[in-house]
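The values are calculated or read from the model by the stated rules, or taken from the named source; none is laboratory data. None of these values were measured; they are calculated from a predicted model. When we count neighbours, we look across all protein chains shown, and the Cβ atoms used for this are built from the backbone with ideal geometry, even at glycine.
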Ligand SMILES: [Cu+2]
């Protein structure tokens with residue numbers, strides 16, 4: 001058998017965490033995980049397709065395309081408007097989608113999502129889009145921060161080996177998606193060509209202790225979830241909107257085994273969260289925590305909602321969320337449409353610090369040292 005090994009292990013741990021809401025290691029004395037997972041050795045239901053039951057393909061390995069969630073520019077804060085130059089390069093490459101499985105990604109700067117761009121309202125932003133000579137396809141960019149027809153897409157169709165430049169003034173503060181807009185647009189987006197641009201208000205954003213950058217996307221592959229080997233885009237599944245994979249930051253395990261989010265008790269963290277999609281709405285949720293401030297639909301000009309459990313984020317949309325961390329342990333980032341968890345959509349927020357048994361502890365109330 002050539003079945004995936006590490007994902008079921010991750011899923012097992014996560015399933016246990018889901019079942020008991022335990023912030024640390026699961027208690028193995030409790031009932032076991034989903035029986036279908038045990039029976040099939042892989043996530044999903046017990047009635048696996050014949051294809052998935054005989055995964056005899058050869059494992060493939062490629063470079064990681066995962067954008068680390070802590071890799072983003074520092075806050076701008078209060079300053080005068082400036083002229084900013086942004087250099088982006090379209091790169092097509094076969095990268096790691098999951099253990100033993102690769103996919104032909106299309107990227108901005110070799111990572112999914114592309115770089116988090118950061119400007120201040122009324123900055124003049126000069127976009128340079130280069131298309132690598134070795135690429136097969138033309139690429140372009142539409143930034144939702146742009147005020148102007150096409151968001152830049154009509155000015156930037158760039159064949160391999162060429163470069164296009166355009167300039168816009170960022171007159172509206174907010175958190176915006178950008179993406180390739182070359183037909184078939186959905187193919188370029190599903191393959192990884194999306195990212196976020198923050199346009200900070202004149203006074204800057206409220207200070208926080210840490211910021212993270214997370215985006216959700218779906219992939220439509222010719223072979224089912226968990227198959228080894230190089231995967232190609234399935235256009236029929238794309239058009240039917242039936243993805244095989246859903247991922248944070250481009251790949252299965254991106255925000256669990258590869259780059260979990262890390263923070264400390266007492267800190268306030270901000271997540272710039274966006275949905276590249278191209279098709280599915282996210283019900284973004286952090287299991288065991290609350291979104292203390294939700295800048296709903298990424299509006300910076302409306303007051304944030306407070307103490308929200310789940311944020312609804314559309315494709316081509318975003319949300320800025322902030323939460324204060326009170327209790328240590330591992331929190332799970334999910335889309336609460338939880339079937340998607342079985343297709344790879346999971347992240348960890350690992351919080352270190354002293355226990356808060358006054359807020360959370362095993363056993364009856366009398367077991368708490370506070371009583
Ligand atoms: Cu493209």
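Contact map, the range 131-150: first residue more than 18 Å from residue 113 (Cβ to Cβ), second residue part of a loop (DSSP other than H, G, I, E, B) and more than 16 Å from the ligand (Cβ to nearest atom), Cβ cut-off under 9 Å, separation 6 or more or different chains; pairs are 147/170; 147/171; 147/172. Collect the residues in the range 175-214 that are in the same structural domain as residue 284 (by TED's automatic domain parsing) and within 16 Å of the ligand (Cβ to nearest atom), keeping them in residue-number order. Once the filter is applied, which keeps residues that are in the same structural domain as residue 284 (by TED's automatic domain parsing) and within 16 Å of the ligand (Cβ to nearest atom), the range 175-214 yields nothing.
Would you confirm whether or not the range 153-163 contains a residue that is crowded, with 16+ Cβ neighbours inside 10 Å, at pLDDT 95 or above, over 21 Å from residue 281 (Cβ atoms) and away from the ligand (no atom under 16 Å from the Cβ)? No, the range 153-163 contains no residue that is crowded, with 16+ Cβ neighbours inside 10 Å, at pLDDT 95 or above, over 21 Å from residue 281 (Cβ atoms) and away from the ligand (no atom under 16 Å from the Cβ).
From the list 340, 330, 356, which one is outside any helix (DSSP H, G or I) and touching a strand residue (DSSP E or B) at 6+ places or on another chain (Cβ under 6 Å)? Just a single option satisfies the conditions, and that option is 330.
Of all residues in the range 167-193, those that are at positive phi and modelled with pLDDT of 95 or more have Cβ atoms under 7 Å from Cβ atoms of residues that are within 8 Å of the ligand (Cβ to nearest atom) and not in a helix (DSSP H, G or I), 6 or more apart or on another chain, in 192/106. Residue count for the range 87-114 satisfying the condition of being surrounded by 21 or more Cβ atoms within 10 Å (Cβ to Cβ), away from the ligand (no atom under 12 Å from the Cβ) and either at positive phi or assigned to a loop (DSSP other than H, G, I, E, B) (or both): 2.
Quick one: count up the residues across the range 120-144 that are within 23 Å of the chain's Cα centre (by Cα), surrounded by fewer than 24 Cβ atoms within 10 Å (Cβ to Cβ) and away from the ligand (no atom under 11 Å from the Cβ). Number of matching residues: 1.
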